[in-house]
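Following: one structure in structure tokens, then a few remarks.
The values are calculated or read from the model by the stated rules, or taken from the named source; none is laboratory data. Note that the structure is predicted; figures quoted are calculated from it, not measured. Note: ideal-geometry Cβ built from the backbone for every residue, glycine included; neighbour counts use all protein chains shown. In case anyone asks, the SASA skips ligands and DNA or RNA and just uses the protein heavy atoms, side chains included. Shrake-Rupley method; radii C 1.70, N 1.55, O 1.52, S 1.80 Å.
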Amino acid sequence: MKYADNTTFWFVFCKSDLLLQRMGGGLYTIPTGDTPPTEVKPWTTIHQIDAPQMDTMHVKAYTIDAPVTESPTFEMCGLRASYYKLPRVLYLAAGKCQEIIYWDQNTRFCGVCGAPMKLHTNISKRCEHCGKEVWPQLATAVIVLIHRGDEVLLVHANNFKRNFFGLVAGFVETGETLEEAVVREVSEEVGITIQNIRYFASQPWPYPSGLMVGFTAEYVSGEIKLQRSELAAGGWYHKDHLPELPEKLSIARQLIDHWLESF
């Protein structure tokens, strides 16, 4: 569906659920219009969001205390699940909205003096007492596909909620490059040596506020020794005999699919 320039989109969240508008035929969109699609309390903060994917549109976001139910027009949907219902551009914008809301909710008071923080710009706050300024923080993580001929290293992390296998990943630490983080995470989690680390792509990961940076690498040496505090299972898998893979929205799946397409 095409929208006119300057259309205002309303991204409305109840906790981690997003308000979607039914369009019929199994299609969904984000509510649009000059006014909010739900009641707005006097104390509700309506965020003006700068969404790079929607440069000719207006994007606004706010939270509601209770989900919208029994509506012929709207339904609530988890942000992750909305990937499969919304056009990609709206899903990406929803992710940024959720990240700004998360940041707002977790920076209500100054970390220096404890006084209230107040929005200064769309993406900054200033302490009303000492003047300390803060901006949204990203948790940067690396994720790497390691291949050995026609085999790929897949792991099942302890925090996975389903029985799929993904890729070695972890957060970047202070004082290290992205490539150094890849080497360290691989050494810590599976105990092998890799080479030819190549950047693949990056992906916003608003669960709740992250950036995933994807790489590929080649196996060099070593036997797999799983870090049991992080991983429940893992090993080499032939391209023709893969376990259940991560869902399509993840950069892990993009890396695996790209590797499979190389054969």
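Worth pointing out:
- GLN203 being closer than 23 Å to LEU86 by Cβ, within 22 Å of the chain's Cα centre (by Cα) and open to solvent by 50 Å² or more (accessible area, probe 1.4 Å): no
- Comparison of VAL68, VAL12 shows that the only residue that is touching a strand residue (DSSP E or B) at 6+ places or on another chain (Cβ under 9 Å) and part of a strand (DSSP E or B) is VAL12.
- Condition met for LYS85 (touching a strand residue (DSSP E or B) at 6+ places or on another chain (Cβ under 8 Å), part of a strand (DSSP E or B) and not hydroxyl-bearing (Ser, Thr, Tyr)): no
- TYR102 being surrounded by fewer than 18 Cβ atoms within 10 Å (Cβ to Cβ), farther than 14 Å from ILE30 by Cα and of a type in the set (Phe, Trp, Tyr): yes
- Verdict on ARG108 being among the basic types (Lys, Arg) and free of Cβ contacts under 8 Å to residues at least 24 places away in the same chain: yes
To keep it simple, each residue is scored yes or no on (1) open to solvent by 50 Å² or more (accessible area, probe 1.4 Å); (2) touching a Leu at 6+ places or on another chain (Cβ under 9 Å); (3) touching a residue at least 40 places away in the same chain (Cβ under 8 Å).
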| position | (1), (2), (3) |
| --- | --- |
| SER124 | no, no, no |
| GLU133 | yes, no, no |
| ALA141 | no, yes, yes |
| VAL155 | no, yes, yes |
| ASN159 | yes, no, no |
| THR174 | yes, no, no |
| GLU180 | yes, no, no |
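- If you go through the stretch 224-240 and keep only what is closer than 20 Å to PHE160 by Cβ and not in a strand (DSSP E or B), you end up with ILE224, LYS225, LEU226, GLN227, ARG228, SER229, GLU230.
- Of the residues making up the stretch 241-263, those that are part of a helix (DSSP H, G or I) and open to solvent by less than 30 Å² (accessible area, probe 1.4 Å) are ILE251, ALA252, LEU255, ILE256, TRP259.
- Of all residues in the stretch 206-223, those that are open to solvent by 50 Å² or more (accessible area, probe 1.4 Å), more than 20 Å from ALA141 (Cβ to Cβ) and either in contact with a Phe, Trp or Tyr (Cβ under 7 Å, 6 or more places away or on another chain) or not in a strand (DSSP E or B) (or both) total 1.
- Top-ranked residue of the stretch 185-200 - restricted to ones that are in contact (Cβ under 8 Å) with a residue 12 or more places away in the chain and surrounded by 15 or more Cβ atoms within 10 Å (Cβ to Cβ), ranked as nearest to LEU90 (Cα to Cα): PHE200
- Just so you know, in the stretch 49-88 the residues that are open to solvent by less than 50 Å² (accessible area, probe 1.4 Å) and over 21 Å from the mean Cα position of the chain (by Cα) include one that is nearest to PHE11 (Cα to Cα), and it is ILE64.
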